[in-house]
1. Would you pick out the residues in the range A:171-197 that are among the basic types (K, R) and at the interface with chain B (Cβ under 10 Å from one of its Cβ atoms)?
2. Would you confirm whether or not the range B:83-90 contains a residue that is within 14 Å of chain A (Cβ to nearest Cβ), among the hydrophobic types (A, V, I, L, M, F, W, C) and either in contact (Cβ under 8 Å) with a residue 40 or more places away in the chain or over 30 Å from B:A355 (Cα atoms) (or both)?
3. Only one of (1) hydrophobic (A, V, I, L, M, F, W, C); (2) within 14 Å of another protein chain (Cβ to nearest Cβ); (3) under 24 Å from A:G196 (Cβ atoms) is not met by B:F52, so which one is it?
4. Which residue out of A:V34, A:V80 is among the hydrophobic types (A, V, I, L, M, F, W, C) and within 14 Å of another protein chain (Cβ to nearest Cβ)?
5. Specify the residue that is nearest to A:V149 (Cα to Cα); the eligible residues are those in the range B:129-140 that are buried (at least 24 other Cβ atoms within 10 Å of the Cβ) and more than 10 Å from chain A (Cβ to nearest Cβ).
6. Six or more apart or on different chains, Cβ atoms under 9 Å: show the pairs whose first residue is in the range B:212-235 and within 14 Å of chain A (Cβ to nearest Cβ) and whose second is of a type in the set (D, E) and in a helix (DSSP H, G or I).
7. Among the residues of the range B:141-150, are any of a type in the set (S, T, N, Q), touching a residue at least 40 places away in the same chain (Cβ under 8 Å) and more than 14 Å from chain A (Cβ to nearest Cβ)?
Amino acid sequence: MSLTKNTIITVGISTLLLAFLTGCSSKDVKYGDVKAVETVTADFGSTDLQSTAESLTQSLLESRYIAKAQQPPKVRLRAVNNLTYEHIDTKSITDKIRIKLLKSGQVRFLADVANLNQVKDERELTASATANKENKAMADSDYIITGNVRSIKKANDDVKDVYYNVSLELVNPQSGEIMWADEKEIRKVTSKSSVGW
Amino acid sequence: MKHSMLKVTFRIIFFSSLLLQASVVTTNQLHSSNFQTTLATLASDTSDNNKFWYWLNLARLQQANGDFTTSIQSFEKAYVILDEYEDRATISLRNIGSFLGSSLMSKGSESYYGKGYERTLMHTLNALNYLMLNNFEGAAVEMRRMEQRQEFWLKESEEKIKEASEEKEKARRQGNDTTHIPANYSLAAMLEDPDVKALTNNYQDPFSYTLGSIIMDISGQSAASGNFGEISLKRALALNPDVSKAFATLPNSPSIQNNKMDVTIIFLTGEAPALKIEKIRFPILHGAVYSSIDLPSYTSPSNDTSNVTILTDKLKLQPPRLLKSDLMAYKTLKDELPGELAKSVVRATTKAIAAKQASDHFGNLGGLVASLVFDVGSSYADSGFRNWEMMPNSGYIAKFEAIKKSTVNIKLNNTQESFVLPSDKKGTIVLITYLTPDNIRIDHVSY
C-alpha cells in the first residue's frame, strides 16, 4: 500500500515535471490563415501585400487595353520603386501581381529585365541564324507595368499614423503613353497608451 | 587632518572609478590592442546588448571590417531600442524613474538613447552599408529614415528645454546660481569655440545631406521622390557652403566624352569624442564633507585624419570635411548645458544636505562617509553612461569625373593608397574607412 502510494506520488510528480519541462522547452507552432488580417506592427505586411495585389490586378484586368484586346498583350513587369521609410521587398508585390495576371490568361508575360540576361544566355546556347529575330521578339513588349510604393508617417503624443500608397501604371513603351493607372491606399493607425511601463 | 582625510577619500574614488571602467570594451581598448581583437571582444561580450550604444559601436566596427550585412543587422538592433523609447506611453514609468534618478542621484541613472547627430548618423552609415551591397534603393530608404528620425529629436529637445527651465527654477529656489559654467569644467572654453557656435543646429550635418543627394541621383529615385536629391543638396549647402567643393567635373572635351565615369569617394575617419561624466568636487562645512557637480563632458576625438587628398591624372582634390562629429557633440552639450547644470546643482545640493545631516548626527567622519557613499555610488552609475564612441569623427565626400581605367591615388595623413577604375561602368562608389592605423579599408561598388 505504502509502495503504491509512493509510486503514485512519484509518477504524479514526474508527470507534472515532464509537463512543465515540455511546456517550457517546446514552441507552439501552428499554421495560420494566410488570408487572416495581420496587425503585428504598422509596417507594410502580408495583408497589405495581398490586398494591394488583389485590387490592382482586378482593376488592370478590367481596363479596356487588357479586357478588350484582340489577343492577350505581351507585358513586362518592371520594378516597383520603394519610396517609403521601410525596406519593403517590392519584388514580392510584382511577383504576386504577375501570378494573378497570368492565372487570368488575359496577358502574356515577358521575362523581367533582371532575368533577361539569363534568358538571353540560355537562348544563345541553342540559337542559330534566327537568334536575332527571336531576341527581338523577346524584347518587344506591348506594354510595361511599373509603379511606386510611397508612405507618409505622422505621429503625435497619442497616435502614430502611416499612410501607404501603391500605384501601378500600364505604359506603352513605344509611345511612352500611360494607358492605365490605379492606386491602392492603406492607412494604419497605432495608438499609444497614455500610461505605461 | 580634514585635508588628509579628503586626499585619502579622493584616492579611493579615483581607484574605484578605474576598477569600474576596466570591465567594458571602450575606445581605450581599440587603441591599446588591435582592431580585430576589439571587434571580436565586442561581438562576444553581449552583456550590454540592451544598450543603444553597444549596437552602434558594433555596427561601426563591422562596417570598418567590411561586414556590411552584419553591420546592417546591428544597426537594426539599435533602431529597435530607439523605436521602443520613442514609442513609449505619454506617461512612462521608466521615463519618470530615469528622470527622478538623474535629478536626485546621478546623471548616469539615465539610459542613453543618443543625441540628434548620432541618430542621424546611424541611418547615414547604414545607408553606406546598403550602398556597398549595391542596394541603392535600400540606401535611399535609410536616407529618408534619417530625415524622419529628426522629428522625434526636435520634440524631445523641446521637452528638455521645458525641463531645464523647471530645474533652473528649482535651483533658484534653493538659492543656487545656475547661470555660470564652473570655471574648472574642462570643456568650458571649447563650448565657446567659434566653430561650435557657427553650427546651424545640433542634429543636421552636411555630410548626410550631400550623401543623400548623391544616393538619390544614383538610385534614380530623385524625381519620383519629389526632388529629394536636389532638396538634400540645397540643405547641405545651407549647412556648409564648402559642400560645393565636394564636386568636380572634367572639361567637356569630345575626346573624353565617352570615356569618362563618375567617381564618388567617401571617407570615414577617426573616432568621435567619448562621453564621460565630469565631477567637480567641492568641500562644504569648512571641508568636513564634500559634494560634487557632475556634468556630461567629452574626451578628445582620436585617430582622426587632418588631411585628405585625391589625385587622378586630370584632377587634384582636397574634399572638405563635411562630418564634424566632435563639433556636433560640443554643440549639443552647449545647447543642453543650462539644463544639465541646473539638474547637477539640484543633485549636489540634495547630497550636500544629506551629508550635512550625517555629519550632524555622526560627526565629521559620518559626514565624510556619506559623501564618499554618494560619490562612489554615482561614479558606479556614471561608468555605464556611454555614447557611440566608435562613431567616425570626420567624414569627407568627393564626387568627380575621371577617365575609365585610370588610377586614383588617395592620401590620408601620411598613408597613400591607390586603385584602378573599371573600364565598363557608368560610375563607382568607394568607401574608405580609417578607424585605427591598422585598419584602413577600401571597399567599392560599381554601377
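1. The one that is among the basic types (K, R) and at the interface with chain B (Cβ under 10 Å from one of its Cβ atoms): A:K192.
2. For the range B:83-90, residues within 14 Å of chain A (Cβ to nearest Cβ), among the hydrophobic types (A, V, I, L, M, F, W, C) and either in contact (Cβ under 8 Å) with a residue 40 or more places away in the chain or over 30 Å from B:A355 (Cα atoms) (or both): present.
3. (2)
4. A:V80
5. Once the filter is applied, the top-ranked residue is B:A139.
6. Here the result reads B:G212/B:E147; B:I215/B:E142; B:M216/B:E230; B:S219/B:E137; B:Q221/B:E137; B:S222/B:E230; B:F228/B:E147; B:G229/B:D217, each pair linking the range B:212-235 to a residue that is of a type in the set (D, E) and in a helix (DSSP H, G or I).
7. no
Per-residue answers, yes or no, for (1) of a type in the set (V, I, T); (2) under 22 Å from B:G395 (Cβ atoms); (3) at pLDDT below 90:
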| residue | (1), (2), (3) |
| --- | --- |
| B:L19 | no, no, yes |
| B:S23 | no, no, yes |
| B:L30 | no, yes, yes |
| B:S33 | no, no, yes |
| B:T37 | yes, no, yes |
| B:K51 | no, no, no |
| B:L58 | no, yes, no |
| B:Q62 | no, yes, no |
| B:N65 | no, yes, no |
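The values are calculated or read from the model by the stated rules, or taken from the named source; none is laboratory data. Owing to the predicted nature of the structure, the values given are computational and were not obtained by experimental measurement. Because the Cβ atoms are built from the backbone with ideal geometry, glycine has one as well, and the counts that use them run over all protein chains shown.
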